[in-house]
1. I need the full set of residues from the stretch 19-37 which are buried (at least 16 other Cβ atoms within 10 Å of the Cβ) and at pLDDT below 90, in order please.
2. When the residues of the stretch 47-66 are narrowed to those that are under 18 Å from Phe21 (Cβ atoms) and part of a helix (DSSP H, G or I), which ends up most open to solvent (accessible area, probe 1.4 Å)?
3. Quick check on the stretch 109-146: of everything there that is surrounded by fewer than 16 Cβ atoms within 10 Å (Cβ to Cβ) and among the aliphatic types (A, V, I, L, M), which residue is nearest to Ala86 (Cα to Cα)?
4. Exactly one of these conditions fails for Met69: (1) in a loop (DSSP other than H, G, I, E, B); (2) out of contact with any Ser or Thr (no Cβ under 9 Å at 6 or more places or on another chain); (3) within 23 Å of Asp153 (Cβ to Cβ). Give me its number.
5. Looking at the stretch 84-106 only, could you name the residues that are open to solvent by 30 Å² or more (accessible area, probe 1.4 Å) and touching a strand residue (DSSP E or B) at 6+ places or on another chain (Cβ under 8 Å)?
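The values are calculated or read from the model by the stated rules, or taken from the named source; none is laboratory data. What you see is a predicted model, and the numbers here were worked out from it, not measured in a lab. Neighbour counts are summed over all protein chains in view; Cβ atoms, including those assigned to glycine, are modelled from backbone coordinates with ideal geometry. To get the accessible areas, we keep the full protein, side chains included, count just its heavy atoms, and leave off ligands, DNA and RNA. Shrake-Rupley method; radii C 1.70, N 1.55, O 1.52, S 1.80 Å.
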Amino acid sequence: MARAAAALGSFTPLKGRGARFALSVASGAIEVIDESYNANPASMRAALALLGSTAPRNGGRRIAVLGDMLELGEDSKSLHAALKDAVEEAKTDLVFACGRDMRALYEALPESRRGEWGENSSAIAPSVIRSLRAGDEVLVKGSLGSRMAVILDALKSQDGGG
């Protein structure tokens with residue numbers, strides 16, 4: 001039991017599954033939560049709750065960058081739109097969304113919370129980068145097929161290391 005507890009003490013989340021890292025972008029330091037490996041309604045709500053538990057610094061905001069949850073069948077659009085409550089409960093300031101079904105969530109949000117919607121992650125990456133400011137907490141989440149790693153790569157390319 002003691003060995004297991006010691007091992008857990010040094011555990012770090014895997015890439016795409018809750019890994020957290022800091023970046024220094026033009027406006028200052030931001031924190032990123034990488035949940036880009038998979039997504040379903042329950043894991044999306046959990047990730048948004050995690051974002052809601054963060055404490056943005058120095059006027060920073062909670063930003064969610066969300067890609068489609070894939071393979072949800074004929075209820076997919078309504079399941080995406082139903083995430084509106086989780087976005088609000090997490091006190092998410094700004095949502096960037098990509099993918100055909102994530103548009104349903106984007107359109108369900110008040111305009112004050114809308115960052116940008118695009119067909120795919122490449123389409124919204126420049127807007128995500130332009131929107132960043134010091135102290136922001138940024139969640140990146142979507143099914144692997146929604147290619148949210150594109151957003152993470154764009155964020156990391158902005159890292160000034162310092």
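1. Of everything in the stretch 19-37, those that are buried (at least 16 other Cβ atoms within 10 Å of the Cβ) and at pLDDT below 90 turn out to be Ala19, Leu23, Val25, Gly28, Tyr37.
2. Applying the filter and picking the extreme gives Leu50.
3. Only one residue fits best here, namely Leu144.
4. Answer for Met69: the failing condition is (2).
5. Answer for the stretch 84-106, where residues must be open to solvent by 30 Å² or more (accessible area, probe 1.4 Å) and touching a strand residue (DSSP E or B) at 6+ places or on another chain (Cβ under 8 Å): Lys91, Asp93, Arg103, Tyr106.
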